[in-house]
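Remarks on the structure that follows.
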Amino acid sequence: MLPENRLTTTQSFRDFFPPHVVTFTSDRSADFKLSGTPTPLTRSQSAFLARQLGFRLPGVLTVRQVHGHKVIIVARTATRRPASLPAKLEDADGILTDRPNLAIAVRTADCLSVFLYDPRHEVIGLVHAGWRGTQQRITTQAVALMCQQWDSNPKDLLVAFGPAIRSCCYRVGASFLEYFPKETAKRKQGYFFDLPETNKNQLIGSGISAANILDCAVCTCCDPTCFSYRRERESAGRMISIMMLKKQS
């Protein structure tokens, strides 16, 4: 059973997105670090997700996250048949798809997971946004690709933010004042960066309504039920964020 704050996050996402859009964020009950195997998930990781979701995921696609701005597209073909999946993990930090019953996933341990949904064209996206990816505007890159590939309108998009390190804990160097002048605050203890707020501002700048952005407001560094690289360093595990268009065949 997930702790109360994670259950609250999961329920708020379910209320925000329509029922056929599956969303999930894990906690430290299971470690979703890449296993080194050719499969996206280990058997135990798949079993954990099946227990939490109430069904077994028919397919999972993830990427080898490199803190960049590359977003891959897995689209259905012109005949509406599923496109073939990449034979191996690609170096990227975001995934977009209109393919039903394909779960897309990113792993985090302080970085922000960003869920994207276009209800008009039935397209989903999931982005891993650390400060480097945010500096390279990866979330707006994902939105631009949705507009290019599926003719999405930013005004239609729904966006949700998963757990991430917040400005209460994200102490950074003075250089962040140059990178993110509006979202970096100077305090007695040093400089503190607001990662979710930066991504929110970038998304609003790309045309998404602030009313269409939901933030779970969970700080991974404050919350002991979350993995946090800032708090645990190299021993930190990884949480997983999942999104899928669940449709009957």
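Some observations on this one:
- Percent antiparallel among DSSP beta bridges (both partners in the stretch 56-191, rounded to 5): 70
- Linear extension gain, THR39 paired with HIS67, 0.36 nm per residue minus alpha-carbon span: 8.0 nm
- Based on Cα contacts under 8 Å between residues 6+ apart, the chain shows a relative contact order of 25 percent.
- Look at where the Cα atoms of the stretch 126-166 and of the stretch 196-227 average out, and the two centres are 11 Å apart.
- Of the peptides 181-188, 90-97, 115-122, the ranking by mean beta-carbon count within 10 Å, highest at the top, reads 90-97, 115-122, 181-188.
- Long pairs among LYS155/LYS186; LYS33/LYS186; LYS182/LYS246; LYS33/LYS246; LYS33/LYS247, criterion Cα-Cα beyond 31 Å: LYS155/LYS186; LYS33/LYS186; LYS182/LYS246
- The DSSP beta bridges internal to the chain are antiparallel in roughly 75% of cases.
- Listed candidates [x] 7, 29, 30, 17, 9, 4, 3, 1, 0; [y] 6, 29, 38, 23, 3, 0; [z] 7, 33, 39, 18, 3, 0 - label of the one calculated as P(r) over Cα pairs in 10 Å bins from 0, in percent: [z]
- In this calculation the C-beta distance from LYS155 to ARG14 is compared with R0 = 25 Å, giving a FRET efficiency of 0.60.
- R0 of 35 Å, Cβ-Cβ distance PHE55-ARG233: FRET efficiency to nearest 0.05: 0.50
- Remark: the GLN189-GLN148 segment gains 10.4 nm on full extension, using 0.36 nm per residue and subtracting the alpha carbon distance.
- Ranking of HIS69, HIS20 by neighbouring Cβ atoms within 10 Å, starting from the fewest: HIS20, HIS69.
No lab work stands behind these numbers, since they all come straight from the coordinates. Treat the numbers as computed from the prediction; the structure is a model and nothing was measured. Because the Cβ atoms are built from the backbone with ideal geometry, glycine has one as well, and the counts that use them run over all protein chains shown.
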